[in-house]
1. I want to check the label-to-label distance for Glu112 and Ile233. Put each point 7 Å from Cα in the C-beta direction and report it in nm to one decimal.
2. Specify the angular offset, from 0 to 90 degrees and rounded to the nearest 10, of the alpha carbon long axis of helix 99-113 from the longest principal axis of the alpha carbons in the chain.
3. Can you tell me the convex hull volume per residue for the range 23-81, based on C-alpha atoms, in Å³ to the nearest whole number?
4. When the Cα atoms of the range 56-206 are enclosed in a convex hull and the volume is divided per residue, what value in Å³ results?
5. Per Stokes-Einstein, at 20 °C and 1.002 mPa s, what whole-number D in µm² s⁻¹ belongs to the range 84-144, with the Kirkwood radius over Cα pairs as the hydrodynamic radius?
6. Residues with amide H under 5 Å of Val186's amide H, sequence separation 5 or more or different chain, H placed in the peptide plane at 1.01 Å from N; which?
7. Note down the magnitude of the dipole of the chain about its Cα centre, charges +1 on Lys and Arg C-beta and -1 on Asp and Glu C-beta and zero elsewhere, to the nearest 20 debye.
8. Given contacts defined as C-alpha pairs under 8 Å and at least six residues apart, what's the relative contact order of the range 12-109, whole-number percent?
Amino acid sequence: MADEVVKRVRTRHFHNAKQQGIKITGLTSYDMLTAAIFDKAGIDFLLVGDSAGNNVLGYDTTVPVTLDDLIPLTRGVASAVKRAFVVADMPFGSYETSADEALHTAFRFMKETGAHAVKLEGGVRSAEQIRRIVSAGIPVMAHIGFTPQSEHQLGGHVIQGRGETGVEALLADAKAVEAAGAFAVVLEMVPNAAAKRVTEAVSIPTISVGAGPHCDGQLLVWTDWAGLTTGRIPKFVKQYANIAQVLGDAATTWAADVASGAYPAPEHSYDDD
Ligand code: KIV
């Protein structure tokens, strides 16, 4: 999609990209500064993921993240982009009990943040919620395979879609979200062959998070991808920078300059007149 001249990425561009074999790019973003940088770089969509739980809010999982946590982060991201499509992630506990609850959550994101779409986890089990949100005019990105909000039920970070039974379940989920009206579907931690079968079986673009090269697009958590995360990084992440090192070096140098009096220099101070 990056090669096309697109003023503002819309859901039709996701559809066209799949038709034309143009790969879609997405990164997470949780603030206006990174959003502006990624937007300028031509990243097609920014996901304000509930991975903010692990990357911003200090939680071990995405489970504690709330709608009120994500609304200000999403507003910051949406305020900073000119081209990228902004997707707001519906947190655990904000959509599962009913289609009405899901729609209420989606309305809050759309009215209070400037996001262009919402994302929610689950295939067959979330189809009713997707149908209701889409019928209200709100685009939905679905998310199947490994779904972090269910990590305790799934037994940890476990690859999904393995074996024929696993692939059949994945296909059923993908077809359910397509039929419910999702404009794209994230496949997380799925073997390459299974992701290929799903990608060929549905008309909506598949977006890989550790689902290999056959998907229609790729999405990564920006803090992993840019080397800001210092803990365990999933196998599927390729690091394109070492931001932790850059910031750490800058902080060490600055502290030394303050101690030695090298900072602030005259050019960093105000004269009396
Ligand atoms: O919250 C998130 O960052 C996500 C992606 C990993 C798909 O849901």
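1. 3.4
2. That works out to roughly 30 degrees.
3. On the way: hull volume 4.4 nm³, N = 59.
Convex hull volume per residue, Cα atoms: 75 Å³.
4. On the way: hull volume 17.5 nm³, N = 151.
Given the Cα convex hull of the range 56-206, per-residue volume reads 116 Å³.
5. Details: Rh = 11.1 Å.
The estimated diffusion coefficient comes to 193 µm²/s.
6. Hits under the 5 Å cutoff: Ala142, His143, Ile144, Ile207.
7. On the way: 23 positive and 31 negative charges, 254 e Å.
Using Cβ point charges on Lys, Arg, Asp and Glu, the chain gives about 1220 debye.
8. On the way: 139 pairs, mean separation 27.0, N = 98.
Contact order relative to length: 28 percent.
The values are calculated or read from the model by the stated rules, or taken from the named source; none is laboratory data. As the structure is a prediction and not an experimental result, all values here were calculated from the model. Reconstructed Cβ throughout: ideal geometry from the backbone, glycine too, with neighbour counts over all protein chains shown. Please note that ligands, DNA and RNA were not included when accessible areas were found on the heavy atoms of the full protein model with its side chains. Shrake-Rupley method; radii C 1.70, N 1.55, O 1.52, S 1.80 Å.
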